[in-house]
Amino acid sequence: MSLDRPVSRRLLSDEVFQRLRDSIVRGELVPGEKVRDGELAERLGLSRTPVREALARLADIGLVEAKPGVYTRITTLNRRDVEKTLAVLRSLDRLAIETAVPVMTDQALRLMREANRDFERAVAANDIDAALAADDRFHAVPLAAADNPVLSRIVEQLHPQIHRILYRKFSTLFGGRNTIEHHDQLIDVCADGDAVAAAELSAHHWSELGGHINQLFDTNQFAETATGQPNRHP
């Protein structure tokens, strides 16, 4: 578990933030679970200050919620919030694709293909962390080509939320096979230089993902077990 390794004294707040963020994304810290800065600090071998700073940053990006003097807990996963997050990301991704395709180079397309092959290998190995990393690299290519710093910052802020959703999707029977096929289709359309068609295809994928997530909610596969791992069956 990522919380059980000692933290170095270098860049403590950043490292604690990353450890806690990753534990939330993976479900090691379960949605709705109350967390106490003192207990976390003891587990990490630190003072409370960097832990408090990390929890404040996690609250800013929506992974932790707090009521001063009452509780600090991991934000729950509910259908409405997931739908809203996916709707925002769908619009942002569409903008990135529309802007990127007219200026996309052969090298950019090659990077997307390489990332998707890495994603395919990770899915085959059931390596969810590697799959998320490869998926990030895939989507980072058109985002970089779009060359819009404001868009990049907003997407970066949403990454932990979307990782939390995708981690559970990749952990279930839905897996990531359909994402591999979508990536290949998107690369082909980008290579053709059709920005509108590429943006529509990408938006369709995010809508399809929303449908899958709704099915996971309907069949209780988005629920958490006592160990923080998603249920694989209803």
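The values are calculated or read from the model by the stated rules, or taken from the named source; none is laboratory data. Note that the structure is predicted; figures quoted are calculated from it, not measured. Note: ideal-geometry Cβ built from the backbone for every residue, glycine included; neighbour counts use all protein chains shown. All accessible areas refer to the heavy atoms of the entire protein, side chains included, with ligands and DNA or RNA removed. Shrake-Rupley method; radii C 1.70, N 1.55, O 1.52, S 1.80 Å.
In table form, for the structure just shown:
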| item | result |
| --- | --- |
| Flag for Val82 being surrounded by 16 or more Cβ atoms within 10 Å (Cβ to Cβ) and modelled with pLDDT of 90 or more | no |
| Number of the condition not met by Ala125 [criteria: (1) open to solvent by 60 Å² or more (accessible area, probe 1.4 Å); (2) more than 30 Å from Val64 (Cβ to Cβ); (3) in contact with a helix residue (DSSP H, G or I) (Cβ under 8 Å, 6 or more places away or on another chain); (4) without any contact (Cβ under 8 Å) to a residue 40 or more places away in the chain] | (3) |
| Index of the failed condition, Asp4 passing every other in (1) surrounded by fewer than 17 Cβ atoms within 10 Å (Cβ to Cβ); (2) under 24 Å from Ala131 (Cβ atoms); (3) modelled with pLDDT of 90 or more | (3) |
| Matching entry among Leu44, Leu86, Leu55, Leu40 (being in contact (Cβ under 8 Å) with a residue 12 or more places away in the chain and within 19 Å of Ile213 (Cβ to Cβ)) | Leu86 |
| Residues that are part of a helix (DSSP H, G or I) and surrounded by 17 or more Cβ atoms within 10 Å (Cβ to Cβ), drawn from segment 141-150 | Val141, Pro142, Leu143, Ala145, Ala146 |
| Selection status of Leu109, in contact with a helix residue (DSSP H, G or I) (Cβ under 7 Å, 6 or more places away or on another chain), surrounded by 19 or more Cβ atoms within 10 Å (Cβ to Cβ) and either in a helix (DSSP H, G or I) or of a type in the set (A, V, I, L, M, F, W, C) (or both) | no |
| Check on Arg153, farther than 15 Å from Glu98 by Cα, among the basic types (Lys, Arg) and surrounded by 14 or more Cβ atoms within 10 Å (Cβ to Cβ) | no |
